[in-house]
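Here's the structure, in structure tokens; my notes come after.
The values are calculated or read from the model by the stated rules, or taken from the named source; none is laboratory data. If you're wondering where the values come from, they're calculated on a predicted model, not measured in any experiment. Neighbour counts are summed over all protein chains in view; Cβ atoms, including those assigned to glycine, are modelled from backbone coordinates with ideal geometry. These area figures cover heavy atoms from the full protein model, side chains too; ligands, DNA and RNA do not enter into them. Shrake-Rupley method; radii C 1.70, N 1.55, O 1.52, S 1.80 Å.
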Amino acid sequence: MNPKKSNRLMPLIMAVCVILGILIGMFYTSHFSGNKLSIINSNSNKLNNLLHIVNDQYVDTVNINNLVEKAMPQILSELDPHSVYIGAKDVQATNDELRSSFSGVGIEFVIRKDTIHVQGVISNGPAERAGLIAGDKIVSIDDSAFVGKIVTNKSAMEKLKGPKDTKVKIGVLRYKEKKERFFTVTRGDIPQKSINAAYMLNDNTGYIRIKKFAENTYAELLISLALLSQEELDNLVIDLRGNTGGYLGSAVQIANEFLAKDRLIVYTEGRKSPRQEFRSDGNGSYQHIPLIVLIDEGSASSSEILAGAIQDNDRGTIIGRRSFGKGLVQQPMAFNDGSQIRLTVARYYTPSGRCIQKPYTSGTDKSYEEDLINRYEHGEFFNQDSIKHTGPEYHTTIGRTVYGGGGITPDIFIAEDTTDVTSYYKEASISGLIIQFAFEYTDENREEMKKYDSMESLSKYLDKQKMVDKFVRYAENNGLKRRNLMIKKSYKLLELFIHSRIIYNMLDEQAWTEYINLDDMTIIKAQEIFKERKAFPQAPDSTVSNKKDKE
């Protein structure tokens with residue numbers, strides 16, 4: 001054969017051989033392997049191969065991307081209660097919660113009867129500059145009607161938020177007007193506050209309520225402390241009740257402000273995460289001020305880190321009820337499509353060495369999800385002796401006993417007061433009727449109440465309006481049967497709730513906080529502790545006795 005002709009045929013011969021090899025392989029696979037596909041049964045490839053098989057051979061067409069989106073949360077839920085998957089469309093909103101600002105129109109709103117009601121406008125913000133006022137009802141956005149079942153918190157935020165300097169046209173109905181007004185609002189940076197109240201409880205005791213640990217929390221704290229220091233600040237209450245956490249760094253910075261040099265604040269450690277310690281640098285400006293920290297079952301994560309650092313270093317007194325018990329560290333990990341997982345990589349440990357994470361068996365542990373309900377039913381919210389300590393004992397720097405295995409137990413327990421709670425009060429609260437009544441009353445009397453620009457003056461005005469009686473009639477017209485004996489028993493609670501919501505609607509969150517704190521037993525107890533000069537913890541008697549014996 002001609003060598004040149006042979007060289008030309010060689011690629012064709014090789015291609016035929018390859019095809020024959022594939023056909024023979026398929027024949028033997030189908031006839032001698034029972035139609036089973038060869039899958040590399042390893043942890044790294046099994047899931048990926050499964051998706052390929054489904055995509056290739058499933059009876060119907062499958063959207064693999066949707067399948068993965070649904071599978072990711074399920075996989076992570078098998079690990080622990082706090083490892084989560086966040087879809088790409090939700091990452092921005094999730095991250096915005098802890099940022100110092102976001103881009104939007106600058107209004108606070110509630111949804112009533114499928115309509116957005118403007119509850120407040122940010123001072124000098126985009127909406128206020130455009131002309132919107134509290135009480136306006138938003139009925140259209142960008143010339144499209146926006147009322148009815150399509151109106152949800154999520155859809156409203158998507159419509160109103162947007163890139164800085166972009167414009168949005170908002171149509172509103174103003175109180176007692178039938179014609180729609182239109183405002184073009186240029187979106188701008190809207191600051192988010194993580195400290196919602198800072199004021200003096202009395203002549204020498206300051207109070208700061210931190211609702212989350214965000215990017216700007218430490219800076220806000222320093223500003224609040226500076227302002228309070230101008231008013232003869234001698235004692236300080238930090239309120240962490242209901243604070244579900246946030247950034248670890250913010251909690252560490254705040255703890256540093258109150259601790260002497262080289263005090264351990266918290267440390268983290270995990271299987272692949274070496275121990276990392278966070279210690280105070282001694283530069284805090286408030287290392288010696290008498291300090292009380294308030295916590296409850298809603299205080300979690302970074303709140304527990306701050307409370308644990310103060311307690312274990314015997315720096316102040318913790319008052320309230322046992323905290324939530326979240327001591328797991330999540331690390332964000334992003335995917336190329338913008339989605340993200342927050343994977344638990346370590347545990348938090350307080351200075352004494354206790355882990356504050358409460359027990360769990362997996363991410364779908366039903367008892368974990370119902371823990372607060374179980375605590376309530378067990379009586380823990382009402383009796384200190386009902387607290388179940390599942391972890392071992394640890395000791396603070398001066399020898400006081402503290403417990404691990406489930407939150408921070410306060411030094412001084414304050415029971416939840418349910419003395420005047422009745423089924424009528426519960427139904428009025430849970431149904432939303434009180435909030436609805438307060439909002440409608442505010443709308444109808446906004447012009448009259450504008451003259452009262454402080455919590456004290458507005459509270460005095462409301463005291464004269466017989467608000468409970470007005471609410472009872474309103475509630476009866478809306479399906480809540482009148483129960484005179486129960487109303488009498490719960491009168492003060494109803495009045496407190498109604499007045500507080502109207503004050504919130506007319507003024508702001510600080511005014512609301514000041515009002516509800518007036519009769520708060522935890523606040524009252526804190527002031528008693530300061531008055532008795534007992535904010536700094538004392539060593540246990542046995543420790544004192546042992547020291548004397550050695551001397």
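Overview of values
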quantity	calculated
Condition met for Asp189 (free of Cβ contacts under 8 Å to residues at least 24 places away in the same chain, farther than 20 Å from Arg112 by Cα, open to solvent by 20 Å² or more (accessible area, probe 1.4 Å) and not in a helix (DSSP H, G or I))	no
Candidate set from the stretch 363-393 (those that are acidic (Asp, Glu) and exposed (fewer than 14 other Cβ atoms within 10 Å of the Cβ)); member that is nearest to the chain's Cα centre (by Cα)	Glu369
Test: residue in the stretch 280-290 that is crowded, with 18+ Cβ neighbours inside 10 Å and within 24 Å of the chain's Cα centre (by Cα)	no
Answer residue from the stretch 302-340, given it is over 18 Å from the mean Cα position of the chain (by Cα) and part of a strand (DSSP E or B) and is surrounded by the most Cβ atoms within 10 Å (Cβ to Cβ) among those	Gly320
Selection within the stretch 267-299 - of a type in the set (A, V, I, L, M, F, W, C) and free of Cβ contacts under 8 Å to residues at least 60 places away in the same chain	Phe278, Ile289, Val293
Subset of the stretch 211-239 (residues that are touching a strand residue (DSSP E or B) at 6+ places or on another chain (Cβ under 9 Å), in a helix (DSSP H, G or I) and surrounded by 18 or more Cβ atoms within 10 Å (Cβ to Cβ))	Thr217, Glu220, Leu221, Ser224, Leu225, Leu228
Identity of the residue in the stretch 351-378, modelled with pLDDT of 85 or more and small (Gly, Ala, Ser), that ends up farthest from Asn256 (Cα to Cα)	Gly353
Considering residues of the stretch 394-406 that are closer than 22 Å to Thr522 by Cβ and open to solvent by 20 Å² or more (accessible area, probe 1.4 Å) only, the residue nearest to the chain's Cα centre (by Cα)	Tyr403
Candidate set: the stretch 469-487, residues that are in contact (Cβ under 8 Å) with a residue 24 or more places away in the chain and open to solvent by less than 70 Å² (accessible area, probe 1.4 Å); chosen: the one farthest from Asp420 (Cα to Cα)	Tyr474
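Per-residue answers, yes or no, for (1) among the hydroxyl-bearing types (Ser, Thr, Tyr); (2) open to solvent by 20 Å² or more (accessible area, probe 1.4 Å):
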residue: Glu448; (1), (2): no, yes
residue: Tyr452; (1), (2): yes, yes
residue: Lys489; (1), (2): no, yes
residue: Ile502; (1), (2): no, no
residue: Ala511; (1), (2): no, no
residue: Arg533; (1), (2): no, yes
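For every residue, the table says whether it meets (1) loosely packed, with under 14 Cβ neighbours inside 10 Å; (2) in contact with a Gly (Cβ under 6 Å, 6 or more places away or on another chain); (3) not charged (D, E, K, R).
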{"site": "Lys176", "(1), (2), (3)": "yes, no, no"}
{"site": "Asn202", "(1), (2), (3)": "yes, no, yes"}
{"site": "Thr205", "(1), (2), (3)": "no, no, yes"}
{"site": "Arg209", "(1), (2), (3)": "no, no, no"}
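This table checks each residue for (1) among the hydroxyl-bearing types (Ser, Thr, Tyr); (2) surrounded by 14 or more Cβ atoms within 10 Å (Cβ to Cβ); (3) in contact with a strand residue (DSSP E or B) (Cβ under 7 Å, 6 or more places away or on another chain).
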residue: Ile408; (1), (2), (3): no, yes, yes
residue: Ile412; (1), (2), (3): no, yes, yes
residue: Tyr425; (1), (2), (3): yes, yes, no
residue: Ala428; (1), (2), (3): no, yes, no
residue: Gly432; (1), (2), (3): no, no, no
residue: Phe439; (1), (2), (3): no, yes, yes
residue: Asp463; (1), (2), (3): no, no, no
